[in-house]
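The next block holds one structure in the form of structure tokens; read it before the comments.
No lab work stands behind these numbers, since they all come straight from the coordinates. Keep in mind that this is a model prediction, so the values were computed, not measured. Neighbour counts are summed over all protein chains in view; Cβ atoms, including those assigned to glycine, are modelled from backbone coordinates with ideal geometry.
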Amino acid sequence: MGRGEDVTTGPRTGLQEPAEPGIPGVSPGTGTAGPSAAGGTADRVTPDPAHLGGPAARMFAADAASRGLGMTLQAVGEGTASVGMTVTGAMVNGHGNAHGGFLFTLADTAFACACNSYGPQAVGAAADIVFVAPAREGDVLTAHAVERTRFGRSGVYDVRITRDDQVVAEFRGHSRVIRAVEG
């Protein structure tokens with residue numbers, strides 16, 4: 001998302017004004033990490049998401065699919081999350097690029113963590129992705145998810161996947177809080 005685009009902050013403030021991604025350590029409008037997180041180094045990676053606490057960290061700790069792809073939960077807050085992944089040889093398509101399905105999965109995981117950060121169980125209702133630049137084997141990617149609005153049981157979240165200071169993909173997800181299932 002760039003400056004001046006029509007994106008709302010949602011009902012928490014009651015204001016409907018342009019917003020930029022609000023991930024701590026990420027410069028607005030660039031998709032880049034601040035100095036402490038430059039270059040996707042290991043100091044950004046949280047090997048044990050359970051120490052972050054909260055419902056999103058517990059959900060991620062139980063997510064065998066995302067963890068099996070080597071994803072790491074780097075940060076989580078109310079309506080926000082950052083998830084990292086290194087592109088492996090098994091994730092590369094016939095063109096030598098990261099397969100779009102793996103990029104979608106990375107963004108979807110960050111989206112899931114952000115929309116589950118409040119506690120009630122939320123699921124994806126719809127999502128789409130725009131591929132901006134190719135990723136290659138060995139690239140360290142980070143997906144930054146930011147809540148745009150919540151209303152009733154629904155929410156809208158934007159996820160930006162970056163490699164260093166370059167945007168790789170933009171994802172938008174729509175969430176729905178589901179009612180507890182007795183059973």
- Task: Under 15 Å from a label point 7 Å along Cα→Cβ of GLU137: give me every residue in region 89-109 with its amide N that close.
- Result: 89-99
- The simple spin-label model distance between THR88 and ALA126, using points 7 Å out along Cα→Cβ, in nm, is 3.4 nm
- Amide H to amide H, which residues 5 or more places from THR86 or on other chains are under 5 Å from it, using H placed in the peptide plane? LEU141
- Message: Please give me the summed charge of the neighbours of ALA127: other residues whose Cβ is under 9 Å from its Cβ, Lys and Arg +1, Asp and Glu -1.
- Response: -1
- Applying the Karplus parametrisation 6.51 cos²θ - 1.76 cosθ + 1.60 with θ = phi - 60° to the phi angles of region 134-145, what ³J(HN,Hα) value in whole Hz is obtained for each residue in order, glycine and proline being reported as x? x, 10, 10, 3, x, 5, 9, 10, 10, 9, 9, 9
- Query: Which whole-Hz ³J(HN,Hα) couplings does region 152-169 yield from phi under the Karplus relation 6.51 cos²θ - 1.76 cosθ + 1.60, θ = phi - 60°, glycine and proline marked x?
  - Reply: x, 9, 10, x, 10, 10, 10, 10, 10, 9, 10, 10, 6, 9, 10, 6, 9, 7
- So for the pair ILE178, HIS99, with labels modelled 7 Å out along Cα→Cβ, what separation do we get in nm? 2.5 nm
